[in-house]
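Let me begin by presenting the structure, written as structure tokens, before commenting on it.
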Amino acid sequence: MPRRILAGTAAAACLLALTGCNIAKYLPMDDCVVQPAADLVPASGAMLGVNLDWGSESLEEYAEKLGHRPSVAVSFSDLPLSDADEDDVRAAADQVRGNGGSLLLTLEPHGGLASVTPEVAEGLATFLAEINGEGVPVIVRFAHEMNGSWYEWGQQPTAYIEAFRIVADALHAGAPGSATMWAPNNAGGYPFTGGKASAEPGSADFALLDTDGDGTLTIADDAYAPYYPGDDVVDWVGMSLYHWGSTYPWGENELPEEGKFAAQLTGTYNGLAGDETAAPDFYQTYAVDHEKPLAIPETAALVVPGGDTEQELAIKRAWWQQVLSEDNATRFPQLKMVNWFEWDKDEPEVGGDVRWSIANDDGIRSAFVADLPSWLAPTPVPEECAPVTSG
């Protein structure tokens, strides 16, 4: 298969510093191949990235405003990809190429899981191989938050696993510069009843999700295991993990409790569930026992705008200081990626606008930059790619 390489020993040194891997197994040391994204895991520390509002600002503008180049940029697209979707993904990849780092591509099969056929997956792999060949590693987060009930692909474990494996097999065979990410929603509030995709009692999916066999779905059922596609097709594991507040209904500006992030990650936080039943320990089970790098592909702290900038700063700062704490770096060494959700948007769960962003206010942005820890992995310097005819 034709390959493209990062030119020069400087690029080799850069990727070696980032990943700690052996470049020589790909090419002689005077050249450096664009590595499979599955290998682009920092040897130490975590990559800091952004869920960018692409319609409002470019990645370059965000990096200049922050004074920090994000190591990961998150983009969303439907699957199957339309021509417009491909144009949008290419545009995002072009920006990532200029910035350095990786593209986290979240693929949403809004037409249902049955629309994800082998032909669709092979077309995706061909498309992403072109992007990889231009120097942009891609991590594909397919049908995220599948344990929720709010998306068309939710709470259908059999169909979900089949679709995930179809996509993963195609990517691993046809786009080795791309990797897969399995990323459920945090279990707090599971089984998220009332959504359009809630599993129906009596269905085969309901039986699979009823892991304790008591005939009902509750927080006592395992919110993750029925949806896991298998170690052979999962490169990264991830979890959407926000501070929405302390109690439902959402919409009140509340400081996150001390230790909340770690408690959610390990299944010991009870504030969302409202009872004393612990959720599964996601970190131990999937990052440690399954030996997978862990990402927090989306995180932020809820603030409903009310003009109190001191309160907004206090809430967001308390959250990012938890997420990026030195204690978490030591306690969770498999944590390799954190992406802030840099959007201000209407949220149906709140019935109004939420300011999730940290870069749109000068004071909050300055505080965030001042608090960035030293253990974060550096963003690789972007390099030009040149074609290689052998391989």
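A few remarks follow.
- Which listed residue, of GLY213, GLY195, GLY238, is of a type in the set (Gly, Ala, Ser) and closer than 27 Å to GLN334 by Cα: GLY238
- Here ASP205 fulfils each of the conditions (1) part of a helix (DSSP H, G or I); (2) over 27 Å from MET181 (Cα atoms); (3) among the charged types (D, E, K, R) apart from (2).
- Within segment 76-98, the set of residues being touching a helix residue (DSSP H, G or I) at 6+ places or on another chain (Cβ under 8 Å), closer than 24 Å to ASP344 by Cα and open to solvent by 10 Å² or more (accessible area, probe 1.4 Å) comprises ASP78, GLN95.
- All of (1) of a type outside the set (Asp, Glu); (2) within 22 Å of ALA183 (Cα to Cα); (3) free of Cβ contacts under 8 Å to residues at least 12 places away in the same chain hold for ALA329 with one exception: (3).
- For LEU208: the one exception among (1) open to solvent by 50 Å² or more (accessible area, probe 1.4 Å); (2) at pLDDT below 95; (3) not polar (S, T, N, Q): (2)
- Filtering segment 286-339 to residues that are outside any strand (DSSP E or B), among the polar types (S, T, N, Q) and under 23 Å from VAL140 (Cβ atoms) leaves only GLN334.
- GLY306 passes every criterion in (1) exposed (fewer than 14 other Cβ atoms within 10 Å of the Cβ); (2) in contact with a helix residue (DSSP H, G or I) (Cβ under 7 Å, 6 or more places away or on another chain) apart from (2).
- Single condition ASP361 does not satisfy, out of (1) surrounded by fewer than 18 Cβ atoms within 10 Å (Cβ to Cβ); (2) in contact (Cβ under 8 Å) with a residue 60 or more places away in the chain; (3) of a type outside the set (Val, Ile, Thr): (2)
- Filtering segment 138-151 to residues that are out of contact with any Pro (no Cβ under 7 Å at 6 or more places or on another chain) and open to solvent by 10 Å² or more (accessible area, probe 1.4 Å) leaves TRP150, TYR151.
- Check on GLY259, on the phi > 0 side of the Ramachandran plot and either touching a residue at least 12 places away in the same chain (Cβ under 8 Å) or touching a Leu at 6+ places or on another chain (Cβ under 6 Å) (or both): yes
- Members of segment 152-176 that are part of a loop (DSSP other than H, G, I, E, B) and open to solvent by 10 Å² or more (accessible area, probe 1.4 Å): GLU152, GLN156, PRO176
- Test: THR180 is outside any helix (DSSP H, G or I), closer than 19 Å to PRO226 by Cβ, open to solvent by 20 Å² or more (accessible area, probe 1.4 Å) and β-branched (Val, Ile, Thr): no
- Qualifying residues in segment 340-357 (those that are of a type in the set (A, V, I, L, M, F, W, C) and assigned to a loop (DSSP other than H, G, I, E, B)) - the one most open to solvent (accessible area, probe 1.4 Å): TRP343
- Checking every residue in segment 108-124 against the condition of being part of a strand (DSSP E or B) and closer than 21 Å to VAL323 by Cβ gives zero matches.
- Those residues of segment 99-124 which are out of contact with any helix residue (DSSP H, G or I) (no Cβ under 7 Å at 6 or more places or on another chain) and either free of Cβ contacts under 8 Å to residues at least 40 places away in the same chain or among the basic types (Lys, Arg) (or both), in sequence order: SER115, GLU119
- Among the residues making up segment 277-303, those that are of a type in the set (A, V, I, L, M), at pLDDT 95 or above and either open to solvent by 10 Å² or more (accessible area, probe 1.4 Å) or more than 22 Å from GLU349 (Cα to Cα) (or both) are ALA287, VAL288, LEU294, ALA295.
The values are calculated or read from the model by the stated rules, or taken from the named source; none is laboratory data. Every value quoted in this text rests on a predicted model; they were computed, and no experiment measured them. Glycine gets a Cβ as well: all are built from the backbone with ideal geometry, and neighbour counts include every protein chain shown. Ligands, DNA and RNA are excluded from the accessible area calculation, which covers all protein heavy atoms including side chains. Shrake-Rupley method; radii C 1.70, N 1.55, O 1.52, S 1.80 Å.
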